[in-house]
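What follows is one structure encoded as structure tokens, with my remarks underneath.
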Amino acid sequence: VLESIPLRCSHVDAYRFFTPAAAARNDGTPTRATQAQWEQPGCLHANMDLYKWSYKLGPLVDSALLMNCLDLAADARELDMRASPYDLREHGFSPIAVEEPGGRAEYVRRQGEIAERAARLRAALLRRCENLLLIAGDIAAASGRQ
């Protein structure tokens with residue numbers, strides 16, 4: 001059944017774990033060099049990356065934003081794992097059978113919910129980064145460096 005569904009993975013870190021057979025079925029070949037063009041706001045892995053980037057910015061990012069990104073990443077990872085071939089029932093996670101229409105619909109619905117939350121967090125993180133760049137420019141200008 002899954003072989004009949006096209007693959008559309010756009011995230012380089014997820015794609016690099018594809019088997020050769022799966023990679024051949026993907027719509028394209030995402031690379032680090034093309035990441036900015038390939039990323040999509042609905043991708044669970046791209047949304048999990050919001051935590052990675054907020055964590056890397058450490059003390060320059062508000063702790064509430066960091067924790068919200070962590071919560072989002074945990075929820076996205078849960079969805080990702082529940083839709084995977086792993087059986088996580090003994091850990092309290094029921095599977096999402098993406099090979100069935102009902103499971104695929106549930107996955108799409110939950111993916112959309114995560115994407116909505118991620119859009120707000122992405123905008124907040126982007127605003128913070130833009131403000132940091134403005135501050136850095138002001139400091140450089142004040143010290144005579146540009």
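The values are calculated or read from the model by the stated rules, or taken from the named source; none is laboratory data. Here the structure is a predicted model, which means the values were calculated and not measured. In this analysis, Cβ positions are derived from the backbone assuming ideal geometry, glycine residues included, and neighbour counts consider all displayed protein chains.
Details
- Only residues that are over 26 Å from Glu116 (Cα atoms) and small (Gly, Ala, Ser) were counted across segment 1-57, and they come to 6.
- Within segment 85-104, being surrounded by fewer than 15 Cβ atoms within 10 Å (Cβ to Cβ) and modelled with pLDDT of 90 or more holds for Asp87, Leu88, Arg89, Glu90, His91, Gly92, Phe93, Ser94, Glu100, Pro101, Gly102.
- Checking segment 108-116 against the condition returns a match, with at least one residue being of a type in the set (A, V, I, L, M, F, W, C), in the same structural domain as Asn68 (by TED's automatic domain parsing) and closer than 21 Å to Cys69 by Cβ.
- Where helices (runs of 4 or more DSSP H) fall entirely within segment 19-124, those with at least 3 residues that are within 14 Å of the chain's Cα centre (by Cα) are at 35-38, 44-56, 63-82.
- Total residues in segment 1-25, condition touching a helix residue (DSSP H, G or I) at 6+ places or on another chain (Cβ under 9 Å), over 18 Å from Asp80 (Cα atoms) and modelled with pLDDT under 85: 1
- Residue list for segment 6-18, filter: in contact (Cβ under 8 Å) with a residue 12 or more places away in the chain and either in a loop (DSSP other than H, G, I, E, B) or assigned by TED's automatic domain parsing to the domain that holds Leu79 (or both): Pro6, Arg8, Cys9, Ser10, His11
- Candidate set from segment 125-146 (those that are charged (D, E, K, R) and in a helix (DSSP H, G or I)); member that is farthest from Gly58 (Cα to Cα): Asp138
- Residues (surrounded by 13 or more Cβ atoms within 10 Å (Cβ to Cβ), of a type outside the set (Asp, Glu) and in contact with a helix residue (DSSP H, G or I) (Cβ under 6 Å, 6 or more places away or on another chain)) located in segment 26-58: Pro30, Gln35, Gly42, Leu44, His45, Asn47, Met48, Leu50, Tyr51, Ser54
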